[in-house]
Amino acid sequence: SYVDSISDLAVNFAFALGLLILAAFNYINLTLARSINRAKEVGLRKTVGALRYQLIIQFICEAVLMTLLSLVAGYVILQLLKQLSYVNWFSWEVDNQFVLWASFILFTILIGALAGFIPANILSKFKPVNVLKGNIAPAAIGKTGLRNTLVVIQFVASACFIFVLFTMLGQFRYMATDNTNFNRKNIYNIAAPANLHLLQHDILENKNVLQAGFVSIPFGGNSAKAIIKKNKQGIGLTANYYAADAGFVSNMNLPIVAGNNLLTSSGDSASRFVLVNEQLLSAIGFKNIHEAIGKTFLLNNEEELIINGVLSNFCYGNYQFAAEPLIMQYNPSQFHVLNIKTKNKVDDAVFKSEMNSIWKKYFPHEELSFSNYQEDMYERYFPGGDMKFMGMFCAAVLVIALMGLLGIVNYHTESRVKEVGIRKVLGATVKQIIGELSKGFVKLTLIAAAIALPVGYTICYFFIKLFAYSNGVNILLLSTLFAAIFFIAVII
């Protein structure tokens, strides 16, 4: 019944495609690093009559074979992950397995062909005479250009992936733990169909309870909708509606910027005096929040309400969207949740047991619906299993980049064995030789840093802009992350 939007699917596929592209860069890098070892093979094949297109096909077929083997290994790992992971979407099944596997195989062949084409194109250009004489022009295998560019691209892409993942983690954690929009600490909710006032009276006698209020539905999810008009001639606009009392507003620490809280009452009739947010005032045409106090507007084309207080715009629903018009009215017929605030942190199990003993007095045959509001919001906004998987993904991206670097460094070092011997004979220490061999790659990682930090910040900035409420891009975090990547790269 639910299908992801194209934009959400595109983001998910972009991550996976990025990982495959990094792996393809790795294959190209390592194949070029091994090109010297295969130069004689190319020379001999050309000498005995092999044409260039035949060599290209050979190298592409090798790459495709490697990716097909990877597909088999990947499927085995996926089955293991299904058994070991708690991420729900690992267990989803596709109805048409033939189409699925055809897609897998065709895409695998495509990736292999693309990854194999660049080294195949370069290796097939070797001239037999130069190869057999041992005189291979370094430029022919992209000594300074292509290989160095691929190393930089790998580290830039890896750093940007890690930046985005940690920014996502920070945003999800912010949404899961935020207390600036409304209070979540020391709050417990009990859902009840009736007798809420009697429950409230008994619960307030508990030594740990500071205050209790009523609400139709807690913040952080969907809400009821209502139509508002400034007057009968006005244009109808949609607003979010909550039935609540003064206790709930106080429990949530909602910022009242003008007027007063909802009226305190224990009656059964709805009050005409309501709380609204600044967005509602703007929507119906009140420009001054203080002058709006005492003014009226229509609810659902029939009920005339009086503005008793104004709340600043805050996120009471989805963090991705800006504040929408909000109405809070004392309306006992719509109260479904008893909202409890404790004086201090309490033991959940003990407190639930105390609440259950009160509950059984009024509902002896029904189960208590009790929840810790802070934990509810954390579980709603922070996808723990998904983030663990993304952490694995993040590690895979970094490992791919480091493997590519290690392969290039190995080739680079092997090609300078004679130079190392001469330097040692002339008195160079191991430390000096390590510095000489490493400085080129340190420069590459510094170049990658100069590119990755602004590019990564830009990507993270646009990601954060998808949310109307966020804590922004943490520049210090991005710098620390790249410092860690740089440190690991230097060790490699």
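The condition of being open to solvent by less than 50 Å² (accessible area, probe 1.4 Å), under 21 Å from residue 19 (Cα atoms), outside any loop (DSSP other than H, G, I, E, B) and not hydroxyl-bearing (Ser, Thr, Tyr) holds for only one of 407, 421, 440, 435, that being 407. Being at pLDDT 90 or above, open to solvent by 60 Å² or more (accessible area, probe 1.4 Å) and either touching a helix residue (DSSP H, G or I) at 6+ places or on another chain (Cβ under 8 Å) or outside any helix (DSSP H, G or I) (or both) is the requirement here; does residue 461 meet it? No; evaluated as a whole, the condition is false for this residue. Summed over the stretch 80-103, residues that are in a helix (DSSP H, G or I), surrounded by 11 or more Cβ atoms within 10 Å (Cβ to Cβ) and modelled with pLDDT under 90 total 4.
Results for (1) closer than 24 Å to residue 149 by Cβ; (2) open to solvent by less than 70 Å² (accessible area, probe 1.4 Å); (3) part of a helix (DSSP H, G or I), shown as yes or no for each residue.
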| site | (1), (2), (3) |
| --- | --- |
| 55 | yes, yes, yes |
| 71 | no, yes, yes |
| 106 | no, no, yes |
| 114 | yes, no, yes |
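Could you figure out which of (1) buried (at least 18 other Cβ atoms within 10 Å of the Cβ); (2) closer than 18 Å to residue 167 by Cα; (3) touching a Leu at 6+ places or on another chain (Cβ under 9 Å) isn't true of residue 398? Result: residue 398 fails condition (3) only. For the stretch 260-271, a residue qualifies if it is open to solvent by 40 Å² or more (accessible area, probe 1.4 Å) and either at pLDDT 90 or above or under 9 Å from residue 308 (Cα atoms) (or both), and the qualifying residues are 260, 261, 263. Scanning the stretch 293-333 for residues that are farther than 30 Å from residue 178 by Cα and open to solvent by less than 20 Å² (accessible area, probe 1.4 Å) yields 297, 298, 299, 305.
The number of residues in the stretch 236-257 being open to solvent by 20 Å² or more (accessible area, probe 1.4 Å) and hydrophobic (A, V, I, L, M, F, W, C) comes to 3.
Of 439, 465, all but one fail to be of a type in the set (Lys, Arg) and within 28 Å of residue 172 (Cα to Cα); the exception is 465.
The values are calculated or read from the model by the stated rules, or taken from the named source; none is laboratory data. Nothing here was measured: the structure is a model prediction, and the numbers come from that model. Virtual Cβ from ideal backbone geometry, glycine too; neighbours counted across all protein chains shown. Each accessible area value is taken on the protein alone, full model and side chains, heavy atoms only, with ligands, DNA and RNA left out. Shrake-Rupley method; radii C 1.70, N 1.55, O 1.52, S 1.80 Å.
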